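The values are calculated or read from the model by the stated rules, or taken from the named source; none is laboratory data. All values reported here derive from a predicted model rather than from experimental measurement. Reconstructed Cβ throughout: ideal geometry from the backbone, glycine too, with neighbour counts over all protein chains shown.
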Amino acid sequence: MSATTPTRTGPRLPNGRGQTQLEGVIVLAGIVGLMWLIEAVNTLDSNRLDSDGIWARNFEHLWGIFTAPFIHLSWQHLIANTVPFVFMGLIIALQGARRLLQVTAIVIVVGGVGTWLVAPSHSVTDGASGVVFGYATYLFARGFFNRSALELLTGLIVGVIWGGALVSSVVPHSGISWQGHVCGAIGGVVAAYLLRRERPAKTGSGPTNPLDRAITA
């Protein structure tokens with residue numbers, strides 16, 4: 001007498017960590033896809049969206065802090081930002097969608113407000129380069145705040161690969177917002193500090209970083 005055992009024919013679902021990483025990658029792809037879609041619309045609209053960036057110390061366009069990272073002045077500008085954005089964003093995305101969104105939001109707000117305050121008068125700042133700088137400094141600084149050798153090594157690798165390009169981008173150049181780069185970098189350090197790991201008093205006592213605890217309080 002023979003018997004058969006039912007087998008699953010559907011795809012194997014990822015485990016908890018794999019699912020978290022997959023969600024992070026999907027969110028990253030969504031952000032990048034949105035940037036490219038906006039640039040396509042901007043091109044078809046004769047680049048009129050270029051004026052929806054950060055207007056220095058202009059309260060009527062304060063909302064540009066949130067739109068500027070998704071607007072680029074040309075396809076070359078977009079491509080130049082997309083490559084490091086994906087490289088560094090992917091490292092953060094492997095911590096999950098929540099962490100990617102947290103870091104991105106902090107960098108956009110801190111970097112955007114800083115740029116709004118210190119950029120030259122009557123200037124408009126566009127592009128995701130400030131977020132790129134924020135990602136870079138987050139990846140570098142988190143190892144210090146978390147006291148993690150692996151994270152320090154990751155930050156060092158990022159510095160070796162992109163350090164030269166990043167440093168050269170904070171040197172004042174005509175048409176380049178070095179203020180946005182510096183402020184974005186500050187935002188990354190702030191994100192690393194706010195999202196640092198802290199050992200809970202008891203196992204399972206709740207979130208292990210200050211920001212998550214504040215949100216759930």
* Structure fact -> Among (1) surrounded by fewer than 20 Cβ atoms within 10 Å (Cβ to Cβ); (2) of a type in the set (A, V, I, L, M); (3) within 17 Å of A185 (Cα to Cα), A97 falls short only on (3)
* **Per-region count, the range 186-205, residues outside any loop (DSSP other than H, G, I, E, B) and modelled with pLDDT under 95** => 0
* To do: Give the residue that is farthest from I38 (Cα to Cα), with candidates limited to residues of the range 49-81 that are polar (S, T, N, Q) and free of Cβ contacts under 8 Å to residues at least 60 places away in the same chain.
  => N58
* To do: Inspect all residues belonging to the range 83-91 and state whether any of them is in a loop (DSSP other than H, G, I, E, B) and either more than 30 Å from I157 (Cα to Cα) or modelled with pLDDT of 95 or more (or both).
  => no
* P120, sole failed condition from (1) surrounded by 17 or more Cβ atoms within 10 Å (Cβ to Cβ); (2) part of a loop (DSSP other than H, G, I, E, B); (3) of a type outside the set (V, I, T) -> (1)
* Asked: Within the set of pairs 6+ apart or on separate chains, which have a first residue in the range 137-151 that is touching a residue at least 40 places away in the same chain (Cβ under 8 Å) and surrounded by fewer than 20 Cβ atoms within 10 Å (Cβ to Cβ), a second that is in a helix (DSSP H, G or I) and of a type in the set (F, W, Y), and C-beta atoms under 8 Å apart?
  -> F145/Y193
* Asked: Quick check: is even one residue across the range 128-141 outside any helix (DSSP H, G or I) and more than 18 Å from the chain's Cα centre (by Cα)?
  -> no
